Amino acid sequence: MTDFEYMALAYQQAAKGQGLTWTNPCVGAILVKQGHLLAMGYHHSFGQPHAEVDALQHLADPKAAKGATMYVTLEPCSHFGKTPPCAKKLVAVGIKRVVIGQQDPNPLVSGKGIAILKAAGIQVTVLQYPDQLNTTYHFFYRHQRPLITLKYAMSLDGKINGAPNQRTILTGQAAYQDSQQLRAAHQAILIGENTLTVDNPALTVRHVKTAHPPIRIILVRQADTLSHDLQLFQTKIPIWLLASQPSRQDWPDHVSVFQDDHWTPQAIMAFLYRQGVQSLLVEGGSQIQAAFTAANLNDCLVVYLAPLMLGGGGLPAVFGTSQTQHTPFQITTRQLDSDIRIDARRNF
Ligand code: AOF
Ligand code: ZN
């Protein structure tokens, strides 16, 4: 088998951790010696051993690692995080050659894992294998901001409600279920104060199991004026209030207020990068969608198109700040009972 074929096998292992590794990448590793597959492993979930260690633990004879080749989808780590550095472990057990799918874009590790291996005389090959499993992880480090998805549901005439300041349910059960999965796949959700008070959403993930529900981020003027009866405050999942005025209130542990005079989309991005939030779902309302659009911070769109016309004076899905000129998106569609999900994505 070729290096690329073994690497494909390592990626199959990595895929087993999908949806479970949270801010960590999905990583797979296999051990090969003289054409024999000795062991396989992967990163099972956030906080658990890394793929390389998992593969080593699956060896029938631990001494067999000596002289073996490890195929690992991501550069072995060089740092003490929740687990000790894998690169040093590979040196210690006598691995002879390491074939890597992609260099780790995380600056804590990037290039340093490879340097440890090479310094110990291990032969290292980096394949630049296309990594479809960790798009968000790579995007976050490459662009130094989260991957942004704007999400909204709209009528056939492009409106999100029947009248301003009114909540209108547009889509059916299948789209609802789908939107819960969309939430579960993100590390944070953002809405504005208007949507918070008009829709009174909980912003939780329902009917989908997730160990790490998204952080609920609300853009507000003055945090202290928010009613504690809002659904948002009825669950203990973290809430970040991005406020333009300081708060004098004592908030419970899961609520944090971050004050800045002008929370522009760009300022929010810089903040989320510092906080390590890799993906953001923007759920509205229309002015916030417009602000992100005008700032060109719209990597993906998920639009649920409902089979009805609202007419009247309802709000368009994206409305407000002037728009800049954009390159077209790539679009795919999917039927969800009577609704259609439209996915639009930029080239990134
Ligand atoms: C690997 N193999 O399977 C994973 C790696 O906090 P920790 O200790 O879990 O470290 C997380 C970082 O380690 C993560 O950002 C990435 O740089 C690397 N993840 N590395 O060699 C793995 N999951
Ligand atoms: Zn590691």
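Scanning the stretch 118-131 for residues that are free of Cβ contacts under 8 Å to residues at least 12 places away in the same chain and not small (G, A, S) gives K118, P130.
Of the residues making up the stretch 294-334, those that are in a loop (DSSP other than H, G, I, E, B) and either touching a Cys at 6+ places or on another chain (Cβ under 7 Å) or crowded, with 19+ Cβ neighbours inside 10 Å (or both) are L297, N298, D299, A306, L310, G314, L315, A317, V318. State yes or no: is S110 open to solvent by 30 Å² or more (accessible area, probe 1.4 Å), near ligand 1 (Cβ under 10 Å from one of its atoms), in a loop (DSSP other than H, G, I, E, B) and small (G, A, S)? Spelling it out, S110 is indeed open to solvent by 30 Å² or more (accessible area, probe 1.4 Å), near ligand 1 (Cβ under 10 Å from one of its atoms), in a loop (DSSP other than H, G, I, E, B) and small (G, A, S).
Yes/no per residue for (1) assigned to a strand (DSSP E or B); (2) out of contact with any helix residue (DSSP H, G or I) (no Cβ under 9 Å at 6 or more places or on another chain); (3) farther than 30 Å from Q102 by Cα:
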| residue | (1), (2), (3) |
| --- | --- |
| H138 | no, yes, no |
| Y141 | no, yes, no |
| A153 | yes, no, yes |
| N165 | no, no, yes |
| D178 | no, yes, yes |
| L182 | no, yes, no |
| I191 | yes, no, yes |
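Here the stretch 196-227 is the region considered, the condition is being small (G, A, S) and closer than 21 Å to D178 by Cα, and the residue that is most open to solvent (accessible area, probe 1.4 Å) is A211.
Answer yes or no as to whether L170 is closer than 30 Å to Q275 by Cα and not in a helix (DSSP H, G or I). It is false that L170 is closer than 30 Å to Q275 by Cα and not in a helix (DSSP H, G or I).
For every residue, the table says whether it meets (1) over 11 Å from Y71 (Cα atoms); (2) within 15 Å of ligand 2 (Cβ to nearest atom); (3) open to solvent by 30 Å² or more (accessible area, probe 1.4 Å); (4) of a type in the set (G, A, S).
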{"position": "D3", "(1), (2), (3), (4)": "no, no, yes, no"}
{"position": "G17", "(1), (2), (3), (4)": "yes, yes, no, yes"}
{"position": "N24", "(1), (2), (3), (4)": "yes, yes, yes, no"}
{"position": "G35", "(1), (2), (3), (4)": "yes, no, yes, yes"}
{"position": "A39", "(1), (2), (3), (4)": "no, no, no, yes"}
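The set of residues in the stretch 131-150 being modelled with pLDDT of 95 or more and open to solvent by 30 Å² or more (accessible area, probe 1.4 Å) consists of L133, T135, T136, Y141, R142, H143, Q144, R145.
Looking at the stretch 1-100, the helices (runs of 4 or more DSSP H) lying wholly inside it that each contain 3 or more residues that are touching a Gly at 6+ places or on another chain (Cβ under 8 Å) sit at 3-14, 51-57. Under the condition of being under 16 Å from Y6 (Cβ atoms) and more than 9 Å from ligand 1 (Cβ to nearest atom), the residues counted in the stretch 40-57 number 2. Candidates K82, K112: the one that is more than 30 Å from I288 (Cβ to Cβ) and at pLDDT 95 or above is K112. Could you grab the pairs with beta carbons closer than 7 Å, sequence gap of 6+ or different chains, first residue in the stretch 82-93 and over 9 Å from H50 (Cβ atoms) and open to solvent by less than 10 Å² (accessible area, probe 1.4 Å), second one within 10 Å of ligand 2 (Cβ to nearest atom) and among the acidic types (D, E)? Here the result reads L90/E52, each pair linking the stretch 82-93 to a residue that is within 10 Å of ligand 2 (Cβ to nearest atom) and among the acidic types (D, E). Total residues in the stretch 41-68 satisfying the condition of being buried (at least 20 other Cβ atoms within 10 Å of the Cβ) and touching an Asp or Glu at 6+ places or on another chain (Cβ under 9 Å): the figure is 3. Listed conditions (1) open to solvent by less than 20 Å² (accessible area, probe 1.4 Å); (2) touching a helix residue (DSSP H, G or I) at 6+ places or on another chain (Cβ under 6 Å); (3) farther than 30 Å from G17 by Cα; (4) of a type in the set (S, T, N, Q) are all met by S247, apart from (1). Quick check, is A291 crowded, with 19+ Cβ neighbours inside 10 Å, of a type outside the set (F, W, Y), on the phi < 0 side of the Ramachandran plot and not in a loop (DSSP other than H, G, I, E, B)? Yes, satisfied. The single condition among (1) farther than 26 Å from G276 by Cα; (2) surrounded by 15 or more Cβ atoms within 10 Å (Cβ to Cβ); (3) among the polar types (S, T, N, Q) that Q102 does not meet is (1).
The values are calculated or read from the model by the stated rules, or taken from the named source; none is laboratory data. Nothing here was measured: the structure is a model prediction, and the numbers come from that model. Cβ atoms come from the backbone with ideal geometry, glycine included; neighbour counts cover every protein chain shown. These area figures cover heavy atoms from the full protein model, side chains too; ligands, DNA and RNA do not enter into them. Shrake-Rupley method; radii C 1.70, N 1.55, O 1.52, S 1.80 Å.
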